[in-house]
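Every number here is computed from the coordinates shown, using simple stated rules; none is lab data. These figures come from a predicted structure and were not determined experimentally. Counting neighbours? That spans all protein chains shown, and the Cβs are built from the backbone with ideal geometry, glycine included.
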Amino acid sequence: MHERRFNREIERLRDPDRVARLEVKRVVDIILKNFGEIQSVLDVGTGSGLFAEEFAARHLQVAGVDANPVMVETASRFVPSGEFREGIAEKLPFLDGSSDVVFMGLLLHETDDSLAAVKEAHRVCRKGLSILEWPYEAQPFGPPLVHRMTPDTISMLAEQSGFTSVKQVHLQNLSLYLLEKQ
């Protein structure tokens with residue numbers, strides 16, 4: 001269970017080259033533009049809280065969840081105003097409709113049950129889900145191609161979970177999917 005979970009050193013998560021590759025500010029800008037006025041975000045698989053930190057800098061109420069208790073503690077240090085809990089994407093420890101937007105940053109391909117994870121995001125979000133994932137192509141960084149998800153797979157998961165639309169935004173190194181909830 002959770003065999004693909006990232007559990008290496010925290011410093012690697014905040015390495016300047018990795019942060020640049022993630023385009024954190026641009027991703028948050030796109031999410032905010034797409035979903036309009038939002039007040040709260042749940043960062044699933046928050047890791048060291050890199051995206052949670054940027055959401056908090058935009059004056060949003062931030063919550064986060066991670067399966068690794070060390071990551072929960074670390075994210076809490078970087079984002080003291082956030083509410084971070086230990087948990088998994090397939091069973092989020094948050095109430096129905098408790099966040100405007102749910103964000104999954106480089107997480108969905110690591111879940112044990114991606115459909116359950118997207119259904120849980122649908123349950124918890126009011127407006128939508130943002131999924132940042134590796135493109136389905138071989139790259140000199142990131143997981144092997146066999147662990148990556150195709151756009152069709154993400155669209156199928158969105159449809160089966162009750163989301164009404166899916167937009168894909170191609171970034172320099174990644175893909176951002178914006179799933180809207182009616």
**Message:** Suppose we keep only residues that are in contact (Cβ under 8 Å) with a residue 60 or more places away in the chain and in contact with a strand residue (DSSP E or B) (Cβ under 6 Å, 6 or more places away or on another chain) within the range 110-129. Which one would you say is farthest from S161 (Cα to Cα)?
**Reply:** K127
**Item:** the range 41-92, residues that are out of contact with any Phe, Trp or Tyr (no Cβ under 9 Å at 6 or more places or on another chain) and within 19 Å of S114 (Cβ to Cβ)
**Value:** A67, I88, A89, E90, K91, L92
**Item:** Subset of the range 130-173 that is part of a helix (DSSP H, G or I) and touching a strand residue (DSSP E or B) at 6+ places or on another chain (Cβ under 7 Å) - its residue that is surrounded by the fewest Cβ atoms within 10 Å (Cβ to Cβ)
**Value:** P151
**Item:** Whichever residue in the range 54-78 is in a strand (DSSP E or B) and not aliphatic (A, V, I, L, M) and, among such residues, is nearest to E23 (Cα to Cα)
**Value:** G64
**Item:** Leading residue by the ranking (surrounded by the most Cβ atoms within 10 Å (Cβ to Cβ)) among those in the range 89-127 that are part of a strand (DSSP E or B) and over 12 Å from the mean Cα position of the chain (by Cα)
**Value:** C125
**Asked** How many of the residues making up the range 41-62 are farther than 16 Å from I131 by Cα and either among the hydroxyl-bearing types (S, T, Y) or touching a strand residue (DSSP E or B) at 6+ places or on another chain (Cβ under 6 Å) (or both)?
**Response** 5
**Message:** Being in a loop (DSSP other than H, G, I, E, B), buried (at least 20 other Cβ atoms within 10 Å of the Cβ) and of a type outside the set (A, V, I, L, M, F, W, C) is the requirement here; does S81 meet it?
**Reply:** no
